[in-house]
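The values are calculated or read from the model by the stated rules, or taken from the named source; none is laboratory data. Bear in mind the structure is a predicted one, so any value in this text is a computation, not a measurement. All Cβ positions, glycine included, derive from the backbone under ideal geometry; neighbour counts span all protein chains shown. For accessibility, only protein heavy atoms count, side chains too; no ligands or nucleic acids. Shrake-Rupley method; radii C 1.70, N 1.55, O 1.52, S 1.80 Å.
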Amino acid sequence: MSDEQRPPASPEPGGAASAGPERDGPERGGPEPEPIRFFGTTWLHHGGGYGLRRAGVAVGSLALAAAGAVVLRFAFQGLEIADVGPFVGILVVAGFAICSALAFRRTWDGFVRRPDPAGDSAADRSAQSLMFIGFIGSLLAYFCRSLVEAPGEKRCRTEYAAARERHERRRSSRTGNPAARKSRPRKRR
């Protein structure tokens with residue numbers, strides 16, 4: 001890209017050059033939004049190709065789920081060729097269905113609320129294998145959530161709004177804050 005085609009440098013890393021009252025960037029010392037996988041921080045103002053990214057995540061996750069289902073179908077055909085019997089076939093199908101349902105629920109819950117940091121126990125590590133087996137459920141959760149919003153956007157938006165509110169409360173309640181004094185004229189006695 002030549003110098004003529006480059007956009008002007010912005011004061012915010014990844015932000016616009018002008019920060020209005022609705023933006024709270026590093027130049028004001030405010031909190032920054034958390035980037036979301038595949039979306040970065042475009043979820044905040046729905047800019048930067050947000051709609052195309054959502055469509056891409058929806059199509060991509062659905063295509064990967066379909067490809068995964070085809071691979072599982074080939075595996076099931078291998079069991080039929082091996083003539084293992086109907087009981088094993090039912091167990092395999094039920095196992096994948098249950099693991100997919102658990103993976104869907106666990107992924108969906110991750111979009112709504114942040115996992116407990118103290119919950120990094122042996123149970124969570126053993127659930128990783130269920131998530132691996134039920135990858136189709138996790139991909140379907142991405143698909144369903146991306147039809148509504150960026151996966152995890154609601155959680156990040158509420159956390160960001162709460163962080164901004166705390167920041168504004170702290171900033172306005174501090175005495176002797178030089179940044180707050182710049183915005184209002186000094187009284188003379």
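Please report the carbon-and-sulfur percent of the accessible area for region 33-172; probe 1.4 Å, protein heavy atoms only, DNA, RNA and ligands left out. Provide the component values of the computation, followed by the final result.
On the way: 5900 of 8620 Å².
For region 33-172, the apolar C and S fraction of the accessible surface comes to 68 percent.
Between beta-carbons, use under 11 Å as the cut-off and find the net charge around A141, counting Lys and Arg +1, Asp and Glu -1.
So the environment of A141 carries a net charge of +2.
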